[in-house]
Amino acid sequence: MVVCVLHPRLALVAALGDRRALLAEPVALAPEPGAPAYVGQTSAAAEAFGIVAGIRVGEALARCPDLRLVPPDPQGVRELWSAVLDALEGIGAAPESDRPGEAYFDADGLEGIHRGSLDGVLAAVRRVLGRGMRVAAAPSRFASYVAATLARPRKAPPVVPATAARAFLAPRPVELLRVRPELVTLADVLDRLGIRTLGELAELPSAAVSERFGHPGLLALDLARGGDTPLQPRRPAEPVAERLELPEAALGPQLERALELLIGRVLARSERRGRSLRALAISARFVERGTWRTSVTLRSASADPERIRLALSTKLGELPAPAATLGLEVESFGPPAHDQGRLIDEQDAVRRSRLGEAVHQARQAAGDIAAMKVMEVDPGSRVPERRAVLAPYPAEEPRDR
């Protein structure tokens, strides 16, 4: 059986932070800076006024003048959902989660350690996550998601038997197929063709669906009949991140210096173990609440600080508001960063390689702060502490011998 854990208001809860009492009032997620003026997730009190995610801000305020708009917090969403996935792994689950607020795991291997039954597994999930989550179980990922949308916090989690999955899905609308990104447009096409429910879709012959819609049609047909693709649990996280507090009104050159400092700190972390970096994420927390986050995938994995800085510095211009902190996180690593050698060993290159090996050995013996350099951040500042900071000394990876 596949267990679905669903949090329909995760982004709103993360944005509220320690002000979760506001969920009892009309409140909605404000549009991201620079994005179209549509509201995001809404509280139950806001839904009572007919305010749902996706309507324009002006229309939402016209329906409820007392509506509160909360700036989004993507960094908070990531941290909150990571804690949820860690809690699921703590009870032995191997969760799959392609987006925050939605996770799945196979419960068959966990029944033996949780009172020998599926009910014991579901009780363990509620114990570690609380009753704010919607939890359900079914034979497939899609069926468990549909069941989770019907779950209620104060009632027992719905369980769909393996023999009843198709009958359970039959009366449900085809709009539920939108949960799969590859089937968003197909759901609209089916609705225009007069196919309103998953039961009507399941009755169609496979050959006709394949000829008309191709692979997406066969996937939708499989979902409507109670099937699905296998789960793909997430890989264990390797958190390598650095964060830096910024002086007030930090401008372009200061932000670039801060980014250079963060890159140096990340490359000096012992958790990197000499590997190159494949993908990174820049995040910022604004002075006036809210956060911003963007990911960058390097064309080729690298451990060269200058190349990484050039790839990331263009993203600093996308900051929509003054930032109080700037962060850098490694999302994925590449192969080990080795010096591949040169046809002609220049004297400077040999010197840099030897210096890099010395710095590497010093850090192994005394930690990441064994070799530092002075970096100017704001030379014209009246506060001496803001003029310069200590940054990890950049060093090439030692060659393999």
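A few points about this structure:
- Matching residues in the range 180-223 - criterion: being among the β-branched types (Val, Ile, Thr) and in contact with a helix residue (DSSP H, G or I) (Cβ under 7 Å, 6 or more places away or on another chain): 184, 195, 197, 209
- Of all residue pairs spaced 6 or more apart or on separate chains, those with beta-carbon atoms under 7 Å, a first member in the range 24-37 that is farther than 16 Å from residue 65 by Cβ and a second member that is among the small types (Gly, Ala, Ser) and surrounded by fewer than 21 Cβ atoms within 10 Å (Cβ to Cβ) are 24/45; 29/40; 31/37; 33/321.
- Condition check for residue 325: polar (S, T, N, Q), surrounded by fewer than 20 Cβ atoms within 10 Å (Cβ to Cβ) and under 20 Å from the mean Cα position of the chain (by Cα): yes
- Of all residues in the range 180-200, those satisfying the criterion of being assigned to a helix (DSSP H, G or I), in contact with a Pro (Cβ under 7 Å, 6 or more places away or on another chain) and not aliphatic (A, V, I, L, M) are 182, 199.
- Which numbered condition residue 297 fails, given (1) crowded, with 16+ Cβ neighbours inside 10 Å; (2) under 18 Å from residue 266 (Cα atoms): (1)
- Failed item in (1) part of a helix (DSSP H, G or I); (2) of a type outside the set (Gly, Ala, Ser); (3) closer than 23 Å to residue 230 by Cα, with residue 127 passing the rest: (3)
- Boolean, residue 34 is of a type in the set (Gly, Ala, Ser), out of contact with any Gly (no Cβ under 9 Å at 6 or more places or on another chain) and not in a helix (DSSP H, G or I): yes
- Residue that is nearest to residue 122 (Cα to Cα) [pool: residues in the range 149-207 that are among the hydroxyl-bearing types (Ser, Thr, Tyr) and under 31 Å from the mean Cα position of the chain (by Cα)]: 149
- Residues of the range 213-248 satisfying the condition of being at pLDDT 90 or above, in contact with a Ser or Thr (Cβ under 7 Å, 6 or more places away or on another chain) and part of a loop (DSSP other than H, G, I, E, B): 226, 227, 228
- Taken over the range 159-204, residues that are touching a strand residue (DSSP E or B) at 6+ places or on another chain (Cβ under 8 Å) and not β-branched (Val, Ile, Thr) amount to 8.
- Selection over the range 152-179 of residues that are in contact with a helix residue (DSSP H, G or I) (Cβ under 6 Å, 6 or more places away or on another chain), among the basic types (Lys, Arg) and assigned to a helix (DSSP H, G or I) gives a count of 1.
- Only one of the numbered conditions (1) over 30 Å from residue 160 (Cα atoms); (2) in a loop (DSSP other than H, G, I, E, B); (3) not aromatic (Phe, Trp, Tyr) is not met by residue 265, and that is (2).
- Odd one out for residue 14, checked against (1) of a type in the set (A, V, I, L, M, F, W, C); (2) free of Cβ contacts under 8 Å to residues at least 40 places away in the same chain; (3) not in a loop (DSSP other than H, G, I, E, B): (2)
- Scanning the range 13-46 for residues that are within 24 Å of residue 148 (Cβ to Cβ) and touching a Pro at 6+ places or on another chain (Cβ under 9 Å) yields a total of 10.
- Residue 309 in contact with a Gly (Cβ under 9 Å, 6 or more places away or on another chain) and at pLDDT 85 or above: no
- Filter pass, residue 121 being within 30 Å of residue 326 (Cα to Cα) and of a type in the set (Val, Ile, Thr): no
- The listed residue being surrounded by 20 or more Cβ atoms within 10 Å (Cβ to Cβ) and either touching a His at 6+ places or on another chain (Cβ under 7 Å) or outside the structural domain of residue 156 (by TED's automatic domain parsing) (or both), out of 2, 52, 57: 2
- Exactly one residue out of 86, 108, 98, 66 is part of a helix (DSSP H, G or I) and loosely packed, with under 14 Cβ neighbours inside 10 Å, and it is 86.
- Residue count for the range 113-127 under the criterion of being over 26 Å from the mean Cα position of the chain (by Cα) and buried (at least 18 other Cβ atoms within 10 Å of the Cβ): the result is 2.
- Within the set 335, 320, the sole residue that is closer than 30 Å to residue 74 by Cα, part of a loop (DSSP other than H, G, I, E, B), at pLDDT 70 or above and out of contact with any Phe, Trp or Tyr (no Cβ under 6 Å at 6 or more places or on another chain) turns out to be 320.
The values are calculated or read from the model by the stated rules, or taken from the named source; none is laboratory data. A quick note: this is a predicted structure, and the numbers were derived from the prediction, not measured. We place every Cβ from the backbone using ideal geometry, glycine too, and count neighbours over all the protein chains shown.
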